[in-house]
1. Say whether the condition of being under 11 Å from the mean Cα position of the chain (by Cα) and modelled with pLDDT of 95 or more is met by at least one residue in region 113-125.
2. Might you check whether a residue that is under 13 Å from residue 24 (Cβ atoms) and among the aliphatic types (A, V, I, L, M) occurs anywhere in region 102-120?
3. Can you tell me which residue within region 45-63, out of those that are assigned to a strand (DSSP E or B) and open to solvent by 60 Å² or more (accessible area, probe 1.4 Å), is nearest to residue 120 (Cα to Cα)?
4. Yes or no: residue 106 open to solvent by less than 30 Å² (accessible area, probe 1.4 Å), of a type outside the set (A, V, I, L, M) and part of a loop (DSSP other than H, G, I, E, B)?
5. Every residue in region 64-102 that is among the hydrophobic types (A, V, I, L, M, F, W, C), part of a strand (DSSP E or B) and open to solvent by less than 40 Å² (accessible area, probe 1.4 Å), please.
6. Kindly provide the set of residues from region 5-44 that are open to solvent by 70 Å² or more (accessible area, probe 1.4 Å), modelled with pLDDT of 95 or more and small (Gly, Ala, Ser), ordered by number.
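The values are calculated or read from the model by the stated rules, or taken from the named source; none is laboratory data. Just so we're clear, the structure is a prediction, and the values are computed from it rather than from any experiment. Cβ placement follows ideal geometry from the backbone for every residue including glycine, while neighbour counts extend to all protein chains displayed. In case anyone asks, the SASA skips ligands and DNA or RNA and just uses the protein heavy atoms, side chains included. Shrake-Rupley method; radii C 1.70, N 1.55, O 1.52, S 1.80 Å.
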Amino acid sequence: MKSVKFLIAFAVASAAATAAFAAAPVMTVESAKGKVLAGENGMTLYTFKKDTKGVSNCYDQCAKNWPPLMAAGDAKADGAYSIIDRKDGTKQWAKDGMPLYFWVKDTKKGDITGDGVGGNWDLAKP
């Protein structure tokens, strides 16, 4: 009987650990324009109008200013959140197929200074 309880506890713990890998590293934070998506660090996430679903077009200097929300190799897509392959071989999180990015000029949780930059960047909304 003890071994059955142990196996059940182990199965529950394994499922919880698997679920932790399944979730995108994203949260919702308050900003001056309402709720926005943010990375685990609390920094606002953005989408790029020059991207298409499943394809990032932000590399080189663009990616220095707009760092992608990178996905770990063992990350799993979850609901509206998917993982795209970047042309440099890395992986990036996307919401509804649109790649997600940070903006280097945001300095604290809730900053949205990247919204509308160059007419190409939009706040990622929950």
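1. Looking only at region 113-125, we keep the residues that are under 11 Å from the mean Cα position of the chain (by Cα), and these are 124.
Within this subset, residues satisfying the condition of being modelled with pLDDT of 95 or more are 124.
Taking every residue of region 113-125 in turn, at least one turns out to be under 11 Å from the mean Cα position of the chain (by Cα) and modelled with pLDDT of 95 or more.
2. To start, the set of residues in region 102-120 that are under 13 Å from residue 24 (Cβ atoms) comprises none.
No - not one qualifying residue is present in region 102-120.
3. First, pick out the residues of region 45-63 that are assigned to a strand (DSSP E or B): 46-48, 52, 55.
Restricting the remaining residues to those that are open to solvent by 60 Å² or more (accessible area, probe 1.4 Å) gives 52, 55.
Values: 52: 13, 55: 15 Å.
Checked region 45-63; the qualifying residue nearest to residue 120 (Cα to Cα) is 52.
4. Numbers: open to solvent by less than 30 Å² (accessible area, probe 1.4 Å): yes; of a type outside the set (A, V, I, L, M): yes; part of a loop (DSSP other than H, G, I, E, B): yes.
Answer is yes for this residue.
5. In the first step, residues of region 64-102 are kept if they are among the hydrophobic types (A, V, I, L, M, F, W, C); the result is 66, 69-72, 75, 77, 80, 83-84, 93-94, 98, 100, 102.
Narrowing further to those that are part of a strand (DSSP E or B): 70, 83-84, 93-94, 98.
Within region 64-102, 84, 93, 94 qualify.
6. 32
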